[in-house]
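The structure appears below as structure tokens.
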Amino acid sequence: MRLPSLSPFLLFFVMSLFLLFESAAGYSLFEEKESEEIAEHLGDAQKSIGDYSKFSKMVKLVAFESFVSSEQALENINAISEGVLPEKLRFFLESNFPKPKKGKSAKVQLGVSEEKLATSIQDTLEFGCNRSQKVLELLRGIRLHFSKFIKELKEGDVEKTQLGLAHSYSRCKIKFNINRADNHIIQAISLLDQLDKDINTFAMRVREWYGWHFPELIKVVPDNIVYARIVNLLGSRATVTEEKIAQLAKLLTDEDKAKEVIEASKSSMGTDISDLDMLNISRFALKVVHLDEYRQKLHNYLHDKMSNVAPNLASLIGDIVGARLISHAGSLVNLAKYPASTVQILGAEKALFRALKTRGNTPKYGLIFHSSFIGKAQTRDKGRISRYLANKCSIASRIDYFSETGTTIYGEKLKDQVEERLDFYKTGKAPRTNAEVIEEIKKSLKDQNAMKDDTESESETDAPANKSAKSPKTPKKSKDAEEPKTPKSSKKSKEVETPKSSKKSKEVETPKSSKKSKEVEEPKTPKKSKDAEEPKTPKSSKKSKEVETPKSSKK
């Protein structure tokens, strides 16, 4: 007799099922009730999940353990997202989940929503885990009615904890070194390219507008920014005098051109304009000058950011081209992941797909065409040098992203390799191999580390010397040691030298040794200690400095 096909959910009839629910408030363990009804009528169970009165008959709360602080919650959610079993969760499961007996098949299973966490629990605790559709539906209902199961939680507490943990988790995920943020490079290079277009457009507008009044100035001053500065300086032709020659010569860096401008203003064929029109032209020209000044500051800012984020790429191909590569790739990470063949045609995607569609020649270079190496190469060598340069750019970007300490040694050596390759195409001189270049880089890095160690050791040795020079107590001790008392005591006898040597430790013994040399020979240690305890020590020290020499002369 053939058995009827059983539903996969009927496998849970014999086994009892526990459900692990991770929330922002803590860990909770639920036990399933009415497993047969849920297994047979899963569709009806999905409908009854929305009603708490019906769903509370399906599961019951076994245990709940809350997080102590937001830091603990963040630590646990980071571990769970990476598939690692947190210590708090392990202790919670060991305390509340029924352990299976050894030698027998497990009759209890744990329902877990995360696949990586289920694998970690099975490997660590050897619990049977289940991720079936039934478990996911029950966990969905627990998530919906979680605040009603936990009596300690008030209305709105779950939403607040979820919001706070979501913010901290998001900040942790996007946490990065602020000095190595490539997003600012992307914004800076985009703004710099836009400023170049806008400044050119505005400068041409200034030329056209002021050219109606002074058309001869365009031929004398071809530079746009200098033209805008001169327009702001001259104003109307009627106010131009020879007194402005010095200022014009400073702007044009040529006195002859300044005189030519003055002469041209006297015989100009331009139309006259009113003061109001001239005021607006001057204001617009001043705005163009300010935009150019801001562009220079933005370029310096981009140079600083590239030296911090991608120093090797910047030293190899330049700040502007390197920043454009990062911007087009989306980030330094994406650029480091790209192969050299992708870096080579980065920025020429339209030409690539058009060539593939028409079966024509594919482009040889993209954004790296703006590098100076492509311009130096001959026409027949441009493709080969672009491929070689893209290879070195890929290496430099990976070094910049994965290295912890920023250095430009790799970029400089890679740049030397590209230059040697250009010489090889021209003269046939064989360039250095990669192994030789790597050995040179290692030697230079060792030299840098040795220099750093030397500077640190010198700073450590200079620190105690500076402290001793600043402390006022050390010179006083040296003066006492250099006092000419020792030769006078040597005239009497050698016995007096012993108490004088003890002056450094006990200054009170010196007057007794100067009065009677015999008392020094007698072992009267208690008397000396009593004298040392007397409060008349400063008086004895004064006498020993002033009266000691005449007493010794009388005796």
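The values are calculated or read from the model by the stated rules, or taken from the named source; none is laboratory data. Only a predicted model underlies this, so the values are computations on that prediction, with no experimental measurement involved. Quick reminder, even Gly has a Cβ in these numbers, built from the backbone with ideal geometry, and neighbours come from all protein chains shown. For accessibility, only protein heavy atoms count, side chains too; no ligands or nucleic acids. Shrake-Rupley method; radii C 1.70, N 1.55, O 1.52, S 1.80 Å.
Per-structure values
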| quantity | calculated |
| --- | --- |
| Entries of 60/160; 287/415; 297/357 with Cα pairs more than 32 Å apart | 287/415; 297/357 |
| Of all accessible heavy-atom area on region 301-366, the percent that carbon and sulfur account for (1.4 Å) | 52 percent |
| Prolate/oblate/rounded label for region 390-455 (Cα gyration tensor, a/c 1.5) | oblate |
| Length-normalised contact order of region 191-347 in % [C-alpha pairs under 8 Å, at least 6 apart] | 24 percent |
| Residue among 379, 340, 320 farthest towards the positive dipole end of region 320-440, charges placed on Cβ | 379 |
| Accessible area in the full protein assembly, largest first, 1.4 Å probe, for 271, 405, 342 | 405, 271, 342 |
| Region 186-269, accessible surface, carbon-and-sulfur percent (1.4 angstrom probe) | 54 percent |
| Burial ranking of peptide ranges 213-222, 370-379 (average Cβ count within 10 Å, highest at the top) | 213-222, 370-379 |
| Solvent-accessible area per residue, Å², over region 210-276 with all protein chains present [probe radius 1.4 Å] | 59 Å² |
| Computed accessible area, residue 346, all protein chains, 1.4 angstrom probe, square angstrom | 10 Å² |
| Debye, to nearest 20: dipole size of region 182-292, +1 on Lys, Arg Cβ, -1 on Asp, Glu Cβ | 160 debye |
